[in-house]
Amino acid sequence: MPRRSPRSRRKPERGPGIPGPERPRATPRRRRVKSRAATRAVQATGGAGRRAKRRHARFTPPDAARVTALLGILERLYPDAQSALHFGNPLQLLIATILSAQCTDERVNQVTPALFERYPDAAAFAAAKPADLEAMIHSTGFFRNKARAIRECCADIVAHHGGQVPRTLEELTKLRGVGRKTANVVLGNAYGIPGLVVDTHVTRLANRLGLTREHDAVRIEFSLMGLIPESRWTLFSHWLILHGRRVCIARKPRCSICPLLPHCPRVGVSVSE
């Protein structure tokens, strides 16, 4: 069979096509509406992060005069400020502070007398039967986690510190179940070593007073350390905790009767009494 040339294999050119039915136009693309869940997810990641960066960039620390005024008013309001937890030695304060997580100080003070009588030292707590210890602290909540933290913490104290609660932040935070907040409570109230305790009240008031824009406890602690004189770190924590319980409450602060109002920017406060 004779081979065809490439030119002969080309398809014949078509004439002008006959117009067919008109192609329907595509509908305009509608704007995609994000769901509430998607919006919250964006805010929790990149969107919130960018806004947080802009917010932190605009934040300027308060001037020394305003900080001094706040400290003077708080000192006059709460001259006898001290820990609300009852204790007789550093170990008892350490145990009481562990129990106070997600629990009122009043409830802890009801539980600790019998607890300290049955377990007088770190060795006794370390050797305690989990079921017995859990039963005694049951009313403080999260009793299984707290009992484990107490036993493991006291075991570390016996093994590495001769049964005595250490006196430095570094050594205290190495104990199992002990964080910076608990360590600062023990240092400031049992040993008289200045320490800033950052709990929910201190976090809320430090932000409302415009002393920081941080929400992480450790970041708040370090930012306040640069504003508050070291000699008042322990007292300052007590002052804010008391003021947060009595006046600057979480849901509806009593701004109308607050002596700090002339020096408070009321950051984030939309409803008050």
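Any read-out appearing in this document is the output of simple, stated calculations on the displayed coordinates, not a laboratory observation. Since we're looking at a predicted model, the values are computed, not measured. No Cβ is skipped: glycine too gets one built from the backbone with ideal geometry, and neighbour counts run over all protein chains shown.
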Under 14 Å from the Cα of Lys129, which aspartates and glutamates turn up, not counting those fewer than eight places away in the same chain? Glu152
Can you give the charge dipole size of segment 90-179 about its Cα centre, rounded to the nearest 20 debye, using +1 on the beta carbon of Lys and Arg and -1 on the beta carbon of Asp and Glu? 220
Please give the Cα centre distance for segment 72-122 versus segment 200-220, rounded to the nearest Å. 23
Whole-angstrom gap from segment 221-249 to segment 137-175, using each part's C-alpha centre: 25
Tell me, what ³J(HN,Hα) does each residue in segment 67-80 have, in order and in whole Hz, if you take phi through Karplus 6.51 cos²θ - 1.76 cosθ + 1.60 with θ = phi - 60° and put x for Gly and Pro? 4, 4, 5, 4, 5, x, 5, 4, 5, 6, 6, 10, x, 10
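Using per-residue counts of other Cβ atoms within 10 Å, averaged over each peptide, order 197-203, 95-101, 261-267 from highest down.
Ranked by mean Cβ neighbours within 10 Å, highest first: 95-101, 197-203, 261-267.
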Relative exposure of Ser272, Ser223, judged by other C-beta atoms within 10 Å (fewest first): Ser272, Ser223
Expected sort for Glu75, Glu230 with the fewest Cβ neighbours (10 Å cutoff) up front is Glu230, Glu75
Sequence-distant aspartates and glutamates (8 or more away, or on other chains) whose Cα lies within less than 15 Å of Lys252: Glu273
Backbone HN-Hα couplings from phi across segment 258-273 [Karplus 6.51/-1.76/1.60, Hz, Gly and Pro as x]: 7, x, 7, 3, x, 10, 10, x, 6, 5, x, 8, 10, 10, 8, 9
Based on other C-beta atoms within 10 Å, arrange Phe125, Phe87 from fewest to most. Phe87, Phe125
Arranged from highest to lowest average of other beta-carbon atoms within 10 Å per residue, in what order do the peptides 243-251, 171-179 appear? 171-179, 243-251
